[in-house]
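Colleague: After the structure tokens below, expect a handful of questions from me.
The values are calculated or read from the model by the stated rules, or taken from the named source; none is laboratory data. A quick note: this is a predicted structure, and the numbers were derived from the prediction, not measured. In this analysis, Cβ positions are derived from the backbone assuming ideal geometry, glycine residues included, and neighbour counts consider all displayed protein chains. Just the protein is used for accessible areas: all its heavy atoms, side chains included, with ligands, DNA and RNA removed. Shrake-Rupley method; radii C 1.70, N 1.55, O 1.52, S 1.80 Å.
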Amino acid sequence: MKKEILPSLLAADYGRLADEILRAEASGADAMHIDIMDPTFVPNMSFGPDVVALVRRVAPGLYRNVHLMMNRPDLYLEPFAKAGAQTLQIHIEADCDLHRELRRIRGLGMKPAIVLNPETPVEILAPYLGEVDEALVMTVHPGYGGQKFIADCLPKVSWIRERRPGLDIMIDGGGNAETIPLAAKAGANQFVAGSYLFGKPDMRAAVEDLRARIAAC
Ligand code: DX5
Ligand code: ZN
């Protein structure tokens, strides 16, 4: 299945956001990962729908993968759909009716995805796996970029892969040239890298290097 690399906009230089979006597009990456944070869910804040719309305006052809680290994602599905989110990822730990919201996401024309925090047991994903287009296994505690990859989360990836051979499985947090191949071996096929990719002066070379490293996994 297709292996995809996603730079996370959270790690961009916000003083040059449009240029950073163009740099990610020119790197040949497959999509932009856009982190939306609500401080009642994670100890930080980030962007809102306007930044998703900015990505669409600056690089219309760059796929928008939107990660809602929010307690009540149900209150914001329409604004993110309007802003141009294409995949909408909601956390299993969120305070809403997940079956209903996953259906609403699809009804709004976006791909629904479910996200699992490091401390959350993977088994509780089972009832949702048939309803999503993607599962995201967090490999850091959400809230900040630049944290250390938690390799203990990788068995969760393998657990999902065994049950859903055709499902897109993403990892997010601490992705780099050493950790992304480990995730690929565990069965993931989509890889977020924020500080690693935006920290490279030549993002294109870094994306190509990552592709070469995971090609054989
Ligand atoms: C963490 C975010 C991640 C983050 C990844 O809360 O969900 O997407 O931006 O950043 P790095 O790759 O720097 O760990
Ligand atoms: Zn994320």
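Colleague: On a full-extension model of 0.36 nm per residue, what is the gain between D133 and A205, subtracting their alpha-carbon distance, rounded to one decimal in nm? Provide the component values of the computation, followed by the final result.
Modeller: Working: separation 72, 0.36 × 72 = 25.92 nm, distance 2.93 nm.
Additional length available on full extension: 23.0 nm.
Colleague: To continue, here is another question. Over 26 Å between Cα atoms: which of K2/K200; K3/K111; K82/K200; K2/K111 fall into that group?
Modeller: Numbers: K2/K200 24 Å; K3/K111 17 Å; K82/K200 32 Å; K2/K111 17 Å.
Over 26 Å Cα-Cα: K82/K200.
Colleague: To continue, here is another question. Could you pull out the longest piece of the chain with no exposed loop GluC sites (Glu not before Pro) in it, calling a site exposed if DSSP puts it outside H, G, I, E, B and it has at most 12 other Cβ atoms within 10 Å?
Modeller: 1-118
Colleague: Continuing with this model, one more query. Roughly how many Å is it from the Cα centre of segment 158-180 to that of segment 20-38, as a whole number?
Modeller: First find each Cα centre; the distance between them is then 19 Å.
Colleague: Here's something else I'd like to know. Please work out how much length the chain gains when fully extended from K2 to I124, using 0.36 nm per residue of separation minus the C-alpha to C-alpha distance, in nm with one decimal. Can you show the working numbers first?
Modeller: On the way: separation 122, 0.36 × 122 = 43.92 nm, distance 2.62 nm.
Between K2 and I124, full extension yields 41.3 nm more.
Colleague: Next question, about the same structure. Between the DSSP loop rule and a limit of at most 16 other Cβ atoms within 10 Å, which trypsin sites (Lys or Arg not before Pro) in segment 121-217 are left?
Modeller: Values: sites: K148, K156, R161, R163, K185, R204, R211, R213; in loops: K148.
Of the trypsin sites (Lys or Arg not before Pro), the ones in loops of segment 121-217 whose Cβ has at most 16 other Cβ atoms within 10 Å are K148.
Colleague: Still on this structure: Provide the FRET efficiency to the nearest 0.05 for the R103-Q147 pair, computing r from the beta carbons and using R0 = 35 Å. Provide the component values of the computation, followed by the final result.
Modeller: Numbers: r = 33 Å, r/R0 = 0.93.
In this case the efficiency is close to 0.60.
Colleague: I'd like to check one number: the per residue accessible area of segment 85-162, probe 1.4 Å, reported in Å² as a whole number. The partial results should precede the final answer.
Modeller: Working: 3290 Å² over 78 residues.
For segment 85-162, the per-residue accessible area is 42 Å².
Colleague: So how exposed is D97, as accessible area in Å² (1.4 Å probe, rounded to 10)?
Modeller: So the heavy atoms of D97 present about 90 Å² to solvent.
Colleague: Can you give the extra length, in nm with one decimal, that the chain gains between D19 and D50 once fully stretched, where that is 0.36 nm per residue apart less the Cα-Cα distance?
Modeller: Details: separation 31, 0.36 × 31 = 11.16 nm, distance 1.64 nm.
Value of the extension gain: 9.5 nm.
Colleague: Once the convex hull of the alpha carbons of segment 4-215 is built, what does its volume come to per residue, in cubic angstrom? Don't skip to the end; give the middle numbers.
Modeller: Numbers: hull volume 22.7 nm³, N = 212.
Spread over its residues, the Cα hull of segment 4-215 gives 107 Å³ apiece.
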